[in-house]
1. Every residue in region 151-194 that is surrounded by 12 or more Cβ atoms within 10 Å (Cβ to Cβ) and at positive phi, please.
2. Return the residue satisfying two criteria in turn: it lies in region 271-298 and is open to solvent by less than 30 Å² (accessible area, probe 1.4 Å) and in a loop (DSSP other than H, G, I, E, B), and of such residues it is farthest from Thr259 (Cα to Cα).
3. What is the number of the single condition among (1) free of Cβ contacts under 8 Å to residues at least 60 places away in the same chain; (2) closer than 20 Å to Thr102 by Cα that Ser187 does not meet?
4. Would you mind stating whether Ile97 is over 25 Å from Tyr219 (Cβ atoms) and of a type in the set (A, V, I, L, M, F, W, C)?
5. Every residue in region 102-126 that is among the hydrophobic types (A, V, I, L, M, F, W, C) and away from ligand 2 (no atom under 14 Å from the Cβ), please.
6. Within region 241-264, which residues are in a loop (DSSP other than H, G, I, E, B) and closer than 21 Å to His221 by Cβ?
7. Which condition from (1) open to solvent by 70 Å² or more (accessible area, probe 1.4 Å); (2) farther than 21 Å from Thr334 by Cβ; (3) in contact (Cβ under 8 Å) with a residue 24 or more places away in the chain is the one that Gln233 breaks?
8. What tally of residues in region 78-101 results from selecting those that are within 16 Å of ligand 2 (Cβ to nearest atom) and open to solvent by 10 Å² or more (accessible area, probe 1.4 Å)?
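The values are calculated or read from the model by the stated rules, or taken from the named source; none is laboratory data. Remember, it's a predicted structure, so these values are computed and weren't measured experimentally. A quick note on method: Cβ atoms are made from the backbone with ideal geometry, for glycine too, and the neighbour counts reach across all protein chains shown. Calculation scope for accessible area: heavy atoms of the full protein, side chains included, ligands and nucleic acids excluded. Shrake-Rupley method; radii C 1.70, N 1.55, O 1.52, S 1.80 Å.
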Amino acid sequence: MTDVTAVILAAGEGKRMKSERPKVLHEICGRPLLGHVLATLENLCTDKILVIGHGAAEVEAAFGRSVRYAIQEEQLGTGHAVMQAAPQLSGRGEVMILCGDTPLLSRETLAGLLKEHRRTAAVATVLTAIVPNPFGYGKIIRSVSGALEKIVEEKDASDQEKTIAEINTGTYVFAAEALLDVLKRLSNKNFQGEYYLTDCIALLIDKGLRVSSFCLEDYRHALGVNDRSQLAQAAFLLRQQINQRLMISGVTMVDPATTYVDIDVRVGPDTTLFPNTTLLGSVEVGKGCIIGPNTEIKDSIIGDGVTVRHSVLSGCILADNVTVGPFAQLRPETVLRQGVKVGNFVEIKKSDIGNNCKIPHLSYVGDAQVGSHANLGAGTIVVNYDGQEKHCTVIGEQAFVGCNSNLVAPVTIGKGAFVAAGSTITKDVPPGALSLARAKQVNKDGMAARFIETRKSDDFC
Ligand code: UD1
Ligand code: CA
């Protein structure tokens, strides 16, 4: 089989984004635009060359050694961009050219384009689309017999040409030698003063060579992202695809329109995602879970049968049958083992909470290791920070910490120990001990009247 070299154009500044970040690094559904293009190309080509220029260092840092690079120092147009990759193309078979800002094309489409190119034995094949609003795209000009003649850019098009609905998606397959030959003959005598890659098509046709076209089935996949509005449109379309795929695989979405799931997220069957649930980055959710409403989970692993309601989680591992929320925040390096219950207004950070522990209300737990079946009463605070350093706390299994206690780290509460409510614990509590660390209560008989008499009875309501 012929080798296929993919050249992805990603050197442009993306002026219309009005951004400090290179356009192709803007993200949709948790992955940069360019990352989507590269993922689609996986297993379709033998080699990938990224043409970079504007923000080259940032782009190179994002993709590292997974691809080869060609540098375009000055952005003089898409044709000029491909010229920079030319030294790496001679002697190669087929060259697939794609824009780094067109993230929605599917693998099936690209495979179809290659197939059509080979079936028609063409030297070049253009991927086109028929769109309801062709504004901004290069227009496909055909003869009366329907034969492809050339591509005319929006800014160079006549009023009549501007109304043509068939557009260039910016995606092509070329025979390497034919491409290298016409690239040398591109001129920049056009409205934008750029070397247009699109002009290669007319140059090949003028030489009497066969140029084919392949029309996209779903025109929405042609969307090129040039501004923030198109970025939102692309994210919207991709989100629909992701949600559709999950629902078909057995996930219930109460309201797909308000369910935001990144591309690298996996969700098991019989899990229900309630409205306003956002799953970001790399998240794995098991079977039979209830997630949301109003929940954000980032880079976490969630077991089976887990409930997370109205909460924010990042960098966590939750084992099976854990319950979280409402209104909890679980920060990075939190591990909740089987059957743990974390209730309302609880924050946990970098802590390992043993099987079946309960932290039901109003607690902060940081840098702690908690044994199984421990119970932290309402308002338990782990005092992990002395203003300079973080310290660790160990709570033994089956320990019971009474309400409103402070555990001042570093400290260990022994296995099965009992901390009386309202204690401030600064020393280790031995296993099985009862620890009281609060001011002793004093009752003065009859003295309440001294305070109560001075107030008007109205105050007591
Ligand atoms: C381009 C096509 C247009 C097509 C549209 C599809 C040309 C002349 N026009 O227009 O026919 O309908 O894509 O979305 O090819 N780039 C470089 N170096 C440059 C200029 C651009 O690497 O000097 C890269 C950009 O980073 C971008 C891609 O090429 O990823 C397309 O450039 P852009 O300026 O967005 O072209 P369009 O005007 O959208
Ligand atoms: Ca574009």
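1. Gly170
2. Gly286
3. (2)
4. no
5. Answer for region 102-126, where residues must be among the hydrophobic types (A, V, I, L, M, F, W, C) and away from ligand 2 (no atom under 14 Å from the Cβ): Leu110, Ala111, Leu113, Leu114, Ala121, Ala122, Val123, Ala124, Val126.
6. Selection gives Asp262, Ile263, Asp264.
7. That leaves (3) as the condition not met.
8. Selection size over region 78-101: 4.
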